[in-house]
Amino acid sequence: MGKINMSTVRQAQLIMLDILIEVDRACKKHKIEYWLDFGTLLGSVREKGFISWDDDLDIAMTLEDYHKFCSLIDTELPKDMFLQTNSTDKSFPYSYAKIRSSRGKIVEKHEENKNIIYNQGIFIDIFPIIAIRKNILYKYLYRVNFLIVKLFSYKYLHIQNLSNFYIKVSDLLHIGWGNKKSKVIRSARMPSYKLYIDTANVFPLKKLMFENKEFFVPNNYHEYLKILYGENYMQLPPENKRHTHASSLEIYE
């Protein structure tokens with residue numbers, strides 16, 4: 001599990017939980033639907049909290065709610081937390097959002113030995129999701145779109161000045177390509193997320209316990225997790241597969 005002390009990971013998890021609590025409160029206040037995703041959802045189902053070695057926290061929401069969320073969340077957060085997008089932090093290379101905390105710093109493994117100038121506070125990820133038409137033409141357009149999105153990853157910081165323009169165009173295309181009556185959803189901006197999930201497995205959302213508090217999860221989280229992790233998702237991986245995402249982690253007193 002690398003060089004990071006697991007007690008430090010736990011401290012970071014509790015900061016992430018504080019962020020999630022604030023996000024949950026704001027989303028309820030403004031009628032924004034979100035759900036726990038990826039390893040955070042898996043931890044909620046399998047362990048009723050964080051996976052012990054997991055040093056990130058993921059939530060998802062529809063693209064429409066994502067835009068609403070990003071437009072108002074800074075007014076709802078305490079002083080030690082802030083929204084990070086490539087609009088609020090011009091050096092930030094990703095096409096999704098993070099809520100950062102100034103109570104610590106995390107350097108992810110893919111950021112090692114790079115001249116990082118964007119804020120690296122402890123964070124949670126917020127991924128926008130779209131309902132789509134599941135047909136060959138859309139799949140082709142979607143693939144082309146994802147190839148362009150990759151240009152705005154951390155590997156291509158030299159073209160960051162184009163990212164805001166492209167993401168706005170991309171979102172308009174998604175709205176045009178999508179269909180509110182579509183029966184599948186997919187990530188709007190995450191190239192590595194290539195799975196289709198039936199909307200019936202997501203909505204209406206329900207609640208599960210996570211770290212002794214209730215948060216929203218997909219309606220049929222069993223099928224959702226099977227798609228993400230396979231039939232045996234409830235089984236712990238072998239110890240040599242239990243990795244943190246971070247190469248270094250600091251907690252500020």
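The values are calculated or read from the model by the stated rules, or taken from the named source; none is laboratory data. Computed from a prediction, not measured in an experiment: that's the story for all the values here. All Cβ positions, even for glycine, are placed from backbone atoms using ideal geometry, and neighbour counts span all protein chains on display.
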(message) Could you check the range 196-247 and list, in sequence order, the residues that are exposed (fewer than 14 other Cβ atoms within 10 Å of the Cβ) and of a type in the set (Asp, Glu)?
(response) 214, 231, 239
(request) Filter the range 1-33 down to the residues that are outside any helix (DSSP H, G or I) and touching an Asp or Glu at 6+ places or on another chain (Cβ under 7 Å), then identify the one that is nearest to residue 129 (Cα to Cα). (result) 33
(request) Only residues that are surrounded by 20 or more Cβ atoms within 10 Å (Cβ to Cβ), touching a residue at least 40 places away in the same chain (Cβ under 8 Å) and within 20 Å of residue 252 (Cα to Cα): list them for the range 105-126, please. (result) 106, 122, 123, 124
(request) Kindly provide the set of residues from the range 225-248 that are among the charged types (D, E, K, R) and in a loop (DSSP other than H, G, I, E, B), ordered by number. (result) 231, 242
(message) Of all residues being in contact with a Leu (Cβ under 8 Å, 6 or more places away or on another chain) and either surrounded by fewer than 16 Cβ atoms within 10 Å (Cβ to Cβ) or of a type in the set (Phe, Trp, Tyr) (or both) in the range 6-45, which is nearest to residue 79 (Cα to Cα)? Just the residue, please.
(response) 30
(request) Could you list, in sequence order, all residues of the range 177-234 that are over 19 Å from the mean Cα position of the chain (by Cα), among the hydroxyl-bearing types (Ser, Thr, Tyr) and at pLDDT below 90? (result) 182
(request) Would you confirm whether any residue within the range 52-60 is without any contact (Cβ under 8 Å) to a residue 24 or more places away in the chain and surrounded by fewer than 19 Cβ atoms within 10 Å (Cβ to Cβ)? (result) no
(message) It is to be established whether one or more residues within the range 73-81 are touching a residue at least 12 places away in the same chain (Cβ under 8 Å), buried (at least 23 other Cβ atoms within 10 Å of the Cβ) and either closer than 17 Å to residue 215 by Cβ or in contact with a strand residue (DSSP E or B) (Cβ under 7 Å, 6 or more places away or on another chain) (or both).
(response) yes
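Which one is modelled with the lowest pLDDT, of the residues in the range 51-71 that are polar (S, T, N, Q) and not in a helix (DSSP H, G or I)?
Step one: list which residues in the range 51-71 are polar (S, T, N, Q), which gives 52, 62, 71.
With the extra rule that they be not in a helix (DSSP H, G or I), the set shrinks to 52, 62.
Working: 52: 95, 62: 89.
Within the range 51-71, the match that is modelled with the lowest pLDDT is 62.
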